[in-house]
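Notes follow once the structure below has been shown.
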Amino acid sequence: MIQFLTDFIQNTWDLAAEMAPYLLFGFAVAGLLHVSIRKEFVQRWLGKPGLRSVVKASVLGLPMPLCSCSVIPVAVSLRKSGASKGSTASFLSSTPQTGVDSIFASYALLGGLFTAVRVLVAFTCGILTGYLIELFCKAKTPVVPEALSSAVSLSNRLDQINSLTPLNAIDSRVPPSPIISEFNSMDCCASQPAPKRGPIEALRYGFVTLPADLATALVIGLLLAGLITTWLPIDLLSGSLSSGPRAFLLATAISLPLYVCATASIPMAYALLEAGLSPGAALVFLIAGPATNTTTIAAVWKMLGRGATAIYLVSLLLISWLAGWLFNTALSLQANEGTAQHHEGLNSSLWQDACGLIMIGLLIFSAWKSRQVKANSSCAG
C-alpha cells in the first residue's frame, strides 16, 4: 500500500511537472488573446450566415481557452448578436476541444504530431458540424430560446465576448434562467466583473481567472491520470482493446458521461496511452470528452433545437471515429514511435519541478481568490 501511494504521488507529480512549463506559457498567451479580441471583430466575422462564417467561427474558437461550460454564455452572445445556427455550432464544437493552454500542454505530454492532429481534427469538426447544421436547420432569423435568452441582457451581450470570462454572461439586473443558474454553480466557471483592457488585465486573466476556471478539473484530471498510470499495468489495453471499434467504443464510453475540459483530459489521455490504448482511440477521447458532455448537449438543445442537437452529436462522434481510424491507419507507425519516444522515462527535471511548484501555487491562489470574490459578491448582494 505504501509503495502504491509512493508510485501514485510520483506519477502524478511527473505528469504535472511535465505539463507545467507549457501550461504557464499557455496561460500567458491566453491573457494576451483575452485583451486583444474586440467585439467589432467578432461581429464582422460571424454576423452573416453561410460557410464562410462557419469556417471563421471554427478559427475563432480554436485558440480560445474556454471549457465546456464557460463556452456556453459566449455562444449565447454570438447567437444573440446575429450568428447563424451553423456558426454558433461551429464555435461550440471547436472551442472546448482546444485552446492555447491545452495546445501547449498537449505538446508537453503527447508530442508535436499528436498535437497537430488534435488541432486539425478540432478545426474540421467545427466546420463540418456547423455546415451540416447550416444546411439542414436553416432559420430565417437567429433566435435564442427564452430559457437562455432571458439570462443575457441586450446591452451587455458583446461585452461577454470581449471579457471571455467564463460564465460572465449574466447581468445582475436580469434574473437568470434555471439552466444558466445551473451552469453558474459549477466550480470551473466563476463569475467575474467586466475587465479593463491592458497588460494588468492580461496578467489577471491569464494567471488568476483562467487558472481558477481550470483548477478543479485539472487537479481531478491529474489525479485520475496518476491513478490510471499507477494502477493499470503497461500494455493492459493492448490487443483487441488497443485499436479498432472496441477501442473507440471504450474511449467514447469513458468520455461521454464525464465533464472534462480540453486541458484536464490530456494527462488522462496520456495515462490511457501508457496502458496500451492506440493514439486513434486516445484522439477519440480527447474530442468526445470536451465537446459532447451532457452539459454542452443540454445547452445546444436549448439554443439550437432538437434537430441541430442530433446533427451536432452524431457528427462529432462520427468525425472523431473517422479521425481516430485515419490516425491509426495512415500515421500509426509515426504516431506510436513519436509517442513512445516522448513518453519514455517521464522524469521531471529541476526546471520542470520548479514550474510545477509555481503551477500548483498558482492554481491554489487563483481558486482561493475566486472563492473570495464570490463570497464578497454574495455579501454585497
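The values are calculated or read from the model by the stated rules, or taken from the named source; none is laboratory data. Fair warning: this is a prediction, and the values are worked out from it, not measured in the lab. Cβ coordinates were reconstructed from backbone atoms using ideal geometry, including for glycine residues, and neighbour counts include every protein chain displayed.
Tabulated results
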{"item": "Hits in the range 29-49 - residues which are surrounded by 13 or more Cβ atoms within 10 Å (Cβ to Cβ) and at pLDDT 80 or above", "result": "Val29, Ala30, Gly31, Leu32, Val35"}
{"item": "Lone unmet requirement of (1) under 18 Å from Gly126 (Cα atoms); (2) modelled with pLDDT of 85 or more for Val76", "result": "(2)"}
{"item": "Residue within the range 55-63 that is modelled with pLDDT under 85, assigned to a helix (DSSP H, G or I) and more than 11 Å from Tyr131 (Cα to Cα) present", "result": "no"}
{"item": "Selection status of Ser53, under 30 Å from Arg79 (Cβ atoms), exposed (fewer than 15 other Cβ atoms within 10 Å of the Cβ) and without any contact (Cβ under 8 Å) to a residue 60 or more places away in the chain", "result": "no"}
{"item": "Residue match in the range 67-82 (condition: aliphatic (A, V, I, L, M) and under 27 Å from Ala271 (Cα atoms))", "result": "yes"}
{"item": "Residue within the range 287-309 that is crowded, with 19+ Cβ neighbours inside 10 Å, over 18 Å from Leu222 (Cα atoms), of a type in the set (D, E, K, R) and over 14 Å from the mean Cα position of the chain (by Cα) present", "result": "yes"}
{"item": "Residue among Ala30, Ala57 that is within 18 Å of Tyr205 (Cα to Cα) and within 16 Å of the chain's Cα centre (by Cα)", "result": "Ala30"}
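To keep it simple, each residue is scored yes or no on (1) modelled with pLDDT under 50; (2) within 26 Å of Leu313 (Cβ to Cβ); (3) crowded, with 20+ Cβ neighbours inside 10 Å; (4) among the polar types (S, T, N, Q).
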{"position": "Ala108", "(1), (2), (3), (4)": "no, no, yes, no"}
{"position": "Pro142", "(1), (2), (3), (4)": "yes, yes, no, no"}
{"position": "Glu146", "(1), (2), (3), (4)": "yes, yes, no, no"}
{"position": "Thr165", "(1), (2), (3), (4)": "yes, no, yes, yes"}
{"position": "Ala202", "(1), (2), (3), (4)": "no, no, yes, no"}
{"position": "Leu214", "(1), (2), (3), (4)": "no, yes, yes, no"}
{"position": "Val219", "(1), (2), (3), (4)": "no, no, no, no"}
